[in-house]
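S.K.: This is the structure I have questions about; it appears just below.
The values are calculated or read from the model by the stated rules, or taken from the named source; none is laboratory data. Because the structure is a prediction, the values reported are computed rather than measured. Neighbour counts run over all protein chains shown; Cβ positions are idealised from the backbone, glycine included.
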Ligand SMILES: Cc1ncc(COP(=O)(O)O)c(C=O)c1O
């Protein structure tokens, strides 16, 4: 197990060890019931005192992530009747002596091989790889019937027939020039002035986050995020060895006063933010905060990564101007993905940055994949060249608004006492909070048995994991199933809360 700690990090060692082990358990990397290395092994491997390791294990035990069994060892939490049965003790370096047992979140795809040590830090991809469920509230995607799939398919076929030579070219690593030109015009309407030379085409905005991290983030660098934040971004920054500090939000978004407290201790290298319909909370950063954040970045000489998957998908009014549109000094790297508004399958996203930054990011893109497939770029080109994209968005918004409204009215009608939720003004996410002490990872196990998945909120917290939230994406399932799924899930939450209350806070066993 390649647990690492950073002695210069402002995060206490106990918390770092706790986070590292919790990540591996929650992601399913450590199988349910698997034996963990001993206190002695961990303290030797991490060069910390046994007392520090014991404190971290105590936290994990209190969170019901592990069982410690006297005389037997420490095990990933399992039902009491199975606890302590695993004889597959992982050796130093992550090796298991025998075949591992099935992992918690990988039933659909088989066990994760534990005999190859890795440097992944959270492996959240396992959440996106949950076993197929009839009602998938976990996947953050639009229902295919709401996207212009047939149009894209027609364009794909005619391109392949009329210009088959496209398949014989690599294409420019930075992205197709015609597409970058069309995008430059698209972004001008969004008040972002960027020439084609300042745009890089990426494989989704996920690759944009990864390229920025590979290029600019190294071990010990401080990365600031909102709390909670997009789970897969946490993985990316963690795998670069960054120290992640998450800043709480209020109704105006990230709290700049709290951010200044950290900045006074250590200068961040990067501030990662999703200002419009933040994931997972749906919050919108106010215009005032956007300006303040940019001022801070200029003051302390750090950069902002503005991730913008869905600012076009608003249900009331458009969000305030992008931070990038206010950026006169090249402080902001802006990401736009097309997955949420056009096609996740095309895997296209765009990055906008000043030329000196972008040139280095193009080098990282070269190392990663030598550029996006040209065919996919040519398929979407007419949609941006003709400005057809605006008509498509005008069609998408009311369809998604109607799903949001359905969820809100069902919540109003069926939510059990103690459950609170957001009212997103755009994007796809409902963020539900149970009373503190509840654990949505437990709720998920029962919910999966009933054919419903969601994203447990703990995956969205880089440090102090909060267990009582969950994220529901309402854009993916069709309306009849959405109605059925929300009502069923609310029943499960009600039952969970009643059992939880009866057990005086102990985790109920369904
Ligand atoms: C906030 C956020 N950023 C980035 C992504 C990655 O999207 P893609 O790579 O499909 O553009 C997602 C996907 O869910 C997301 O929610």
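S.K.: Which condition number in (1) within 16 Å of the ligand (Cβ to nearest atom); (2) touching a strand residue (DSSP E or B) at 6+ places or on another chain (Cβ under 8 Å) is the one that residue 245 fails?
M.R.: Unmet condition: (1).
Here's the yes/no breakdown for (1) more than 20 Å from the chain's Cα centre (by Cα); (2) buried (at least 23 other Cβ atoms within 10 Å of the Cβ); (3) away from the ligand (no atom under 11 Å from the Cβ):
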| position | (1), (2), (3) |
| --- | --- |
| 300 | yes, no, yes |
| 304 | no, yes, yes |
| 315 | yes, no, yes |
| 347 | no, no, no |
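S.K.: Right, something else. Could you run through segment 223-240 and say how many residues are surrounded by fewer than 23 Cβ atoms within 10 Å (Cβ to Cβ) and modelled with pLDDT of 95 or more?
M.R.: 1
S.K.: Then there's this: Taking the criterion of being under 19 Å from residue 349 (Cβ atoms), touching a strand residue (DSSP E or B) at 6+ places or on another chain (Cβ under 8 Å) and part of a helix (DSSP H, G or I), would at least one residue in segment 192-202 satisfy it?
M.R.: Within segment 192-202 (the criterion being under 19 Å from residue 349 (Cβ atoms), touching a strand residue (DSSP E or B) at 6+ places or on another chain (Cβ under 8 Å) and part of a helix (DSSP H, G or I)), the answer is yes, since at least one residue qualifies.
S.K.: Now for a different question. When you scan segment 486-498, do you find a residue that is touching a strand residue (DSSP E or B) at 6+ places or on another chain (Cβ under 9 Å) and either closer than 18 Å to residue 60 by Cβ or in a strand (DSSP E or B) (or both), even just one?
M.R.: No, segment 486-498 contains no residue that is touching a strand residue (DSSP E or B) at 6+ places or on another chain (Cβ under 9 Å) and either closer than 18 Å to residue 60 by Cβ or in a strand (DSSP E or B) (or both).
S.K.: For segment 212-235, which residues satisfy the criterion of being more than 16 Å from the chain's Cα centre (by Cα) and part of a helix (DSSP H, G or I)?
M.R.: Those that are more than 16 Å from the chain's Cα centre (by Cα) and part of a helix (DSSP H, G or I): 214, 215, 216.
Okay, residues lined up against (1) assigned by TED's automatic domain parsing to the domain that holds residue 209; (2) within 15 Å of the ligand (Cβ to nearest atom); (3) touching a helix residue (DSSP H, G or I) at 6+ places or on another chain (Cβ under 6 Å):
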position	(1), (2), (3)
344	yes, yes, no
353	yes, no, no
360	yes, no, yes
364	yes, no, yes
368	yes, yes, no
373	yes, yes, no
381	yes, no, yes
395	no, no, no
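S.K.: For segment 368-476, give me every one of the helices (runs of 4 or more DSSP H) that falls completely inside it and has 1 or more residues that are under 17 Å from the mean Cα position of the chain (by Cα).
M.R.: 440-449
S.K.: Give the residues of segment 154-185 that are under 29 Å from the mean Cα position of the chain (by Cα) and either at pLDDT below 95 or within 16 Å of the ligand (Cβ to nearest atom) (or both), sorted by residue number.
M.R.: Once the filter is applied, which keeps residues that are under 29 Å from the mean Cα position of the chain (by Cα) and either at pLDDT below 95 or within 16 Å of the ligand (Cβ to nearest atom) (or both), segment 154-185 yields 175, 179, 183.
S.K.: If I ask for residues that are under 20 Å from the mean Cα position of the chain (by Cα) and either more than 23 Å from residue 423 (Cα to Cα) or buried (at least 24 other Cβ atoms within 10 Å of the Cβ) (or both), which ones from segment 241-268 would you list?
M.R.: Of everything in segment 241-268, those that are under 20 Å from the mean Cα position of the chain (by Cα) and either more than 23 Å from residue 423 (Cα to Cα) or buried (at least 24 other Cβ atoms within 10 Å of the Cβ) (or both) turn out to be 241, 242, 243, 244, 245, 253, 254.
S.K.: List the number of the failed condition for residue 220; all other conditions in (1) away from the ligand (no atom under 14 Å from the Cβ); (2) surrounded by fewer than 24 Cβ atoms within 10 Å (Cβ to Cβ); (3) closer than 23 Å to residue 140 by Cβ hold.
M.R.: Unmet condition: (3).
S.K.: Additional query: Quick check: is even one residue across segment 330-337 within 19 Å of residue 233 (Cα to Cα), at pLDDT 95 or above and more than 19 Å from the chain's Cα centre (by Cα)?
M.R.: The answer is yes; a qualifying residue exists.
S.K.: Just to be sure I understand the filter: pairs with C-beta atoms under 6 Å, separated by 6 or more residues or on different chains, first member in segment 199-225 and at positive phi, second member outside any strand (DSSP E or B) and surrounded by fewer than 21 Cβ atoms within 10 Å (Cβ to Cβ). Which pairs pass?
M.R.: 204/347; 220/6; 220/8
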